[in-house]
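All remarks here apply to the structure that follows.
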Amino acid sequence: MTNMTTNIGGLKMKNPLITASGTCGYGREMSELFDLSLLGGIAVKGTTLEPRLGNPPPRIAETPSGMLNSVGLQNPGIEAVLTKELPFLSQFDTAVILNIAGHSIEEYGLIAERLDSAANLAAVEINISCPNVKAGGMSFGVDPKVAAQVVSLVKSKTKLPVIAKLTPNVTDITEIAKACEAAGADILALINTVLSMIIDIETRRPLLANGFGGLSGPAIKPLAVRMVWQTAQAVSIPIIGMGGISTAEDAVEFLLAGASAFQIGSINFHNPCAAPQIISGLDRWCDDHGVKNIAELIGAAH
Ligand code: SIN
């Protein structure tokens, strides 16, 4: 048995696997398939101040080696999440991470100031990849100054470890990563989905009602590994890597690139039991390769 315990930026987990936000709701459906206590952590659906219905359908489409989504942050709002969803998750021995999103910098602060009342939250993950309506649709995560403002506001409103989840839709992700680190982020998570498009050649219209969507799945894995590698060279805070991880071997690649933990996303739709399979596969891989502690792999590629 390999020691898989992970302790990064104030976030303690029994293993480095976290199910990614937006791919496991608030855990209810997944809990019918396996014991969520097996997970290192669960990052629950992006939550906003008020309930949101999300974008009109179609809002999900399959692509070769991946999927496109433009769900538009459908969620019941922070009040319902605090009173109905998080209490359900308290029966499991896993790190519960709340992903939060906002339409303005202030909205992130208003959500964050309510989080310390939740007994079972292990960390807050800030989704800074959403459209910032007050800045003409620009994403918070593409401007280092704005990203830093969001991080520093959230940091000032909660005692929880703060994870900044970064968008890959930028020229240089390390600039954003460094700004978030300087603003007090405890951990970085990367990458969110890659802005993409599918056109239906019969109707000659975009397939998704929203036009664009975020690409995830195996298609983006090499891009994500490259960004984790580059970011690990640029910052000192720990990184949670993600982007197309479908197997234990994929996870090892992210750890070697410099991630201290990892999230699995699209694979949960294809195989809802992937998480426990990847955890046991990782343990097997480590045994086969003489790895006694998962920490030996972090940043070990050269
Ligand atoms: C969504 O609900 O639109 C997905 C959010 C995200 O990818 O950050």
With every protein chain in place, the accessible area of Asp186 for a 1.4 Å probe, in Å² rounded to the nearest 10, comes to 40 Å²
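Heavy atoms only, probe 1.4 angstrom, no DNA, RNA or ligands counted: give me Met1, Met67, Met197 ranked by accessible area, highest first. Mind showing how you got there, number by number?
Working: Met1 190, Met67 25, Met197 95 Å².
Putting Met1, Met67, Met197 in descending order of accessible area: Met1, Met197, Met67.
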Per the charge dipole of segment 6-297 (beta-carbon charges, Lys/Arg positive, Asp/Glu negative, Cα centre), the residue among Phe34, Gly213, Trp285 reaching farthest to the positive end is Gly213
Taking alpha-carbon centroids only, segment 171-199 lies from segment 15-60 a number of Å equal to 20 Å
Under the rule rounded for a/c under 1.5, else prolate if a/b exceeds b/c, else oblate, using alpha carbon gyration tensor axes a ≥ b ≥ c, segment 40-93 is classed as oblate
Under a 1.4 Å probe, counting only protein heavy atoms, Trp285 has an accessible area in Å², nearest 10, of 50 Å²
Between Ala80 and Glu113, the two model label points (7 Å from Cα along the beta-carbon direction) sit apart by a distance in nm of 2.4 nm
If the chain between Asp288 and Asn7 were fully extended at 0.36 nm per residue, the gain over the current Cα-Cα distance would be 98.8 nm
Amide H contacts under 5 Å for Leu11, restricted to residues at least 5 apart in sequence or on another chain and with H modeled in the peptide plane, are none
Per 5 angstrom bin, beginning at 0 and ending with the bin that holds the maximum distance, the Cα pairs of segment 6-297 fall in percents of 1, 6, 13, 17, 20, 18, 14, 7, 3, 1, 0, 0
Distance in Å, no decimals, from the C-alpha centre of segment 217-268 to the one of segment 141-156 is 22 Å
Checked against a 28 Å limit on the C-alpha separation, the offending pairs among Lys14/Lys159; Lys155/Lys221; Lys159/Lys292 are Lys155/Lys221; Lys159/Lys292
The answer for GluC sites (Glu not before Pro) in segment 202-266 that fall in a DSSP coil and have at most 10 neighbouring Cβ atoms within 10 Å is Glu202
Phi-derived 3J(HN,Hα) across segment 13-28 with the Karplus relation (6.51, -1.76, 1.60, θ = phi - 60°), rounded Hz, x for Gly and Pro, is 9, 6, 7, x, 9, 10, 7, 6, 3, x, 10, 9, x, 10, x, 4
Other residues with Cβ under 13 Å from the Cβ of Gly141 give, with Lys and Arg +1 and Asp and Glu -1, a net charge of -2
For Arg226, Arg59, the accessible-area ranking with a 1.4 Å probe, largest leading, is Arg226, Arg59
Residues meeting the amide H criterion for Arg52 (H placed from the backbone, H to H distance under 5 Å, 5 or more places apart or on another chain) are Asn75, Gly77
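Filter Lys84/Lys165; Lys45/Lys84; Lys157/Lys178 down to the pairs with a C-alpha to C-alpha distance above 23 Å, please. The partial results should precede the final answer.
Working: Lys84/Lys165 25 Å; Lys45/Lys84 14 Å; Lys157/Lys178 21 Å.
Result: Lys84/Lys165 exceed 23 Å.
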Relative contact order of segment 6-297 (C-alpha contacts under 8 Å, at least 6 apart) in percent is 19 percent
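With n ≥ 4 as the cut-off for DSSP H runs, can you work out [θ] at 222 nm for the chain, using -39500 (n - 2.57) per run divided by the number of residues, rounded to the nearest 500?
Values: 9 runs with 83 residues, N = 302.
Only helices count here, giving -8000 deg cm²/dmol.
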Which residues qualify? For Gly299, with a placed amide H closer than 5 Å and at least 5 residues away or on another chain, they are Leu256, Ala257, Gly258, Ala259
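The values are calculated or read from the model by the stated rules, or taken from the named source; none is laboratory data. For clarity, every value in this text was computed on a predicted model and none was experimentally measured. With ideal geometry, Cβ positions are generated from the backbone for all residues, glycine too; neighbour counts draw on all protein chains shown. Each accessible area value is taken on the protein alone, full model and side chains, heavy atoms only, with ligands, DNA and RNA left out. Shrake-Rupley method; radii C 1.70, N 1.55, O 1.52, S 1.80 Å.
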